[in-house]
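Asks: Below are the structure tokens for one structure; questions will follow.
The values are calculated or read from the model by the stated rules, or taken from the named source; none is laboratory data. Please read all numbers here as calculations on a predicted model, not as lab measurements. Counting neighbours? That spans all protein chains shown, and the Cβs are built from the backbone with ideal geometry, glycine included.
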Amino acid sequence: MPTVVCIKWGTLFGPEYVNRLYSGVRRHLSGPVRFLCMTERSEGFHPDVEVLPLPVEPFAEPMAAALEVANRQGAMRKVSLFRPGVIPDLEGPVLGFDLDVVITGSLDEIWGMAPGKVAMRHDWVEKRKGRPTGHGSVFRYDPALHGYLYEDIAANAYAEVEAARGSEQRYTSHKAMDRGDFAYIPESQVVSFKHDCLGLPPVNYLRDPVLPEDARVVCFHGRPKMPEAVEGYRGSWLRWSRPCGWLREHWIDRARADLGGEWA
């Protein structure tokens, strides 16, 4: 049975983000799915979402100090997911998602690709600059094989965060790459709303956002976020967006049909 996780802290994202992600995952992975959310606030979660307590790590203080220097306060909480044993009764790998993503197609290939490797998509900006860094919105790993992702930062949090310049995705992907333990998820399967769906001006003013044919996951890193893109985004001339019908369908309508309006 596939195990899928996300992490939610603070109040930026409400429980509907977790529930809609759960709905998208279970509709697009074959067979039963175990879905967990690491959080300190689980009010409003669908009953099928398994809750993991969000820990205060013993290395939290030096990690926070290094993040403050990097001006990335509050980042890198995701490393708690990498601790071996944090998910009870786990066998095999874990597929993880950030909350600002929408599932639009089958996840079976991403789940099954490159067994034994840490898998992430190439970050859009880093690729453009010629740098080998994964993007953290979608990640697959196995705590039994990749426990070093937790253990290395636990042993020397300040130095590891400093080396990664406060970036969890840089830390995770570079650690795995250094061990020959990394694979890129195909770029056509994990796409960016702002880079792959909008188009540059004036295209974004003249055309509705497009959903690329092979897209399985659409990432809403930066702006606009999903609620903004559904209604139409006016916050930036570069990221200006007409209302997005396919996003409303995949993120809201199908989730409500699946879980019921109470949960989505």
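Asks: Consider only pairs whose beta carbons are under 7 Å apart and that are at least six residues apart or on different chains; among these, list those whose first residue lies in region 1-20 and is over 18 Å from Arg34 (Cα atoms) and whose second residue is among the hydroxyl-bearing types (Ser, Thr, Tyr) and at pLDDT 95 or above.
Replies: Qualifying pairs under 7 Å: Trp9/Thr39.
Asks: Take Arg223 and tell me if it is assigned to a loop (DSSP other than H, G, I, E, B), in contact (Cβ under 8 Å) with a residue 12 or more places away in the chain and not assigned by TED's automatic domain parsing to the domain that holds Pro132. Walk me through how you get there before you give the answer.
Replies: Details: assigned to a loop (DSSP other than H, G, I, E, B): yes; in contact (Cβ under 8 Å) with a residue 12 or more places away in the chain: yes; not assigned by TED's automatic domain parsing to the domain that holds Pro132: yes.
Here the answer is yes, as Arg223 does meet what is asked.
Asks: Being in contact (Cβ under 8 Å) with a residue 12 or more places away in the chain and in a loop (DSSP other than H, G, I, E, B) is the filter; apply it to region 241-264 and report the residue that is surrounded by the fewest Cβ atoms within 10 Å (Cβ to Cβ).
Replies: Residues of region 241-264 that are in contact (Cβ under 8 Å) with a residue 12 or more places away in the chain, as a first pass: 241-248, 250-252, 254-255, 258-259, 263-264.
With the extra rule that they be in a loop (DSSP other than H, G, I, E, B), the set shrinks to 242-244, 263-264.
Numbers: Arg242: 16, Pro243: 13, Cys244: 26, Trp263: 21, Ala264: 21.
Only one residue fits best here, namely Pro243.
Asks: Here's another thing I want to ask about it. Could you tell me whether region 62-80 includes any residue that is in contact with a strand residue (DSSP E or B) (Cβ under 7 Å, 6 or more places away or on another chain), surrounded by 15 or more Cβ atoms within 10 Å (Cβ to Cβ) and of a type outside the set (Gly, Ala, Ser)? Step through it out loud before you land on a result.
Replies: Narrowing region 62-80 to residues in contact with a strand residue (DSSP E or B) (Cβ under 7 Å, 6 or more places away or on another chain): 77-78, 80.
Now drop any that are not surrounded by 15 or more Cβ atoms within 10 Å (Cβ to Cβ), which leaves 77-78, 80.
Now narrow it down to the ones that are of a type outside the set (Gly, Ala, Ser): 77-78.
Yes - at least one qualifying residue is present in region 62-80.
Asks: Look through region 101-138, keep the residues that are basic (Lys, Arg) and within 18 Å of Asp181 (Cβ to Cβ), and return whichever of them is surrounded by the fewest Cβ atoms within 10 Å (Cβ to Cβ).
Replies: Step one: filter region 101-138 for residues basic (Lys, Arg), giving 117, 121, 127-129, 131.
Then keep just the ones that are within 18 Å of Asp181 (Cβ to Cβ); that gives 117, 121.
On the way: Lys117: 20, Arg121: 26.
By that ranking, first place goes to Lys117.
Asks: What do you reckon, is Ser188 among the polar types (S, T, N, Q) and buried (at least 20 other Cβ atoms within 10 Å of the Cβ)?
Replies: Working: among the polar types (S, T, N, Q): yes; buried (at least 20 other Cβ atoms within 10 Å of the Cβ): no.
No; evaluated as a whole, the condition is false for this residue.
Asks: Inspect region 191-211 for any residue being closer than 20 Å to Gly14 by Cβ and assigned to a helix (DSSP H, G or I) and give the result as yes or no.
Replies: Step one: of region 191-211, the residues closer than 20 Å to Gly14 by Cβ are 193.
Subset that is assigned to a helix (DSSP H, G or I): 193.
Yes: region 191-211 contains one or more residues that are closer than 20 Å to Gly14 by Cβ and assigned to a helix (DSSP H, G or I).
Asks: Moving on. If you check Ser167 against the conditions, is it under 20 Å from the mean Cα position of the chain (by Cα), among the polar types (S, T, N, Q), at pLDDT below 95 and buried (at least 19 other Cβ atoms within 10 Å of the Cβ)?
Replies: Values: under 20 Å from the mean Cα position of the chain (by Cα): yes; among the polar types (S, T, N, Q): yes; at pLDDT below 95: yes; buried (at least 19 other Cβ atoms within 10 Å of the Cβ): yes.
In short, yes.
Asks: Can I ask one more? Quick check, is His146 modelled with pLDDT of 95 or more, surrounded by 21 or more Cβ atoms within 10 Å (Cβ to Cβ) and over 25 Å from Val51 (Cβ atoms)? Walk me through it before giving the result.
Replies: Working: modelled with pLDDT of 95 or more: yes; surrounded by 21 or more Cβ atoms within 10 Å (Cβ to Cβ): yes; over 25 Å from Val51 (Cβ atoms): no.
Taking the combined requirement at face value, the residue does not satisfy it.
Asks: Same structure again: Of all residues in region 177-200, count the ones that are on the phi > 0 side of the Ramachandran plot and in the same structural domain as Pro224 (by TED's automatic domain parsing). I'd like the intermediate steps shown before the answer.
Replies: In the first step, residues of region 177-200 are kept if they are on the phi > 0 side of the Ramachandran plot; the result is 180, 199.
Next, only the ones that are in the same structural domain as Pro224 (by TED's automatic domain parsing) stay: 199.
Residues in region 177-200 being on the phi > 0 side of the Ramachandran plot and in the same structural domain as Pro224 (by TED's automatic domain parsing): 1 in total.
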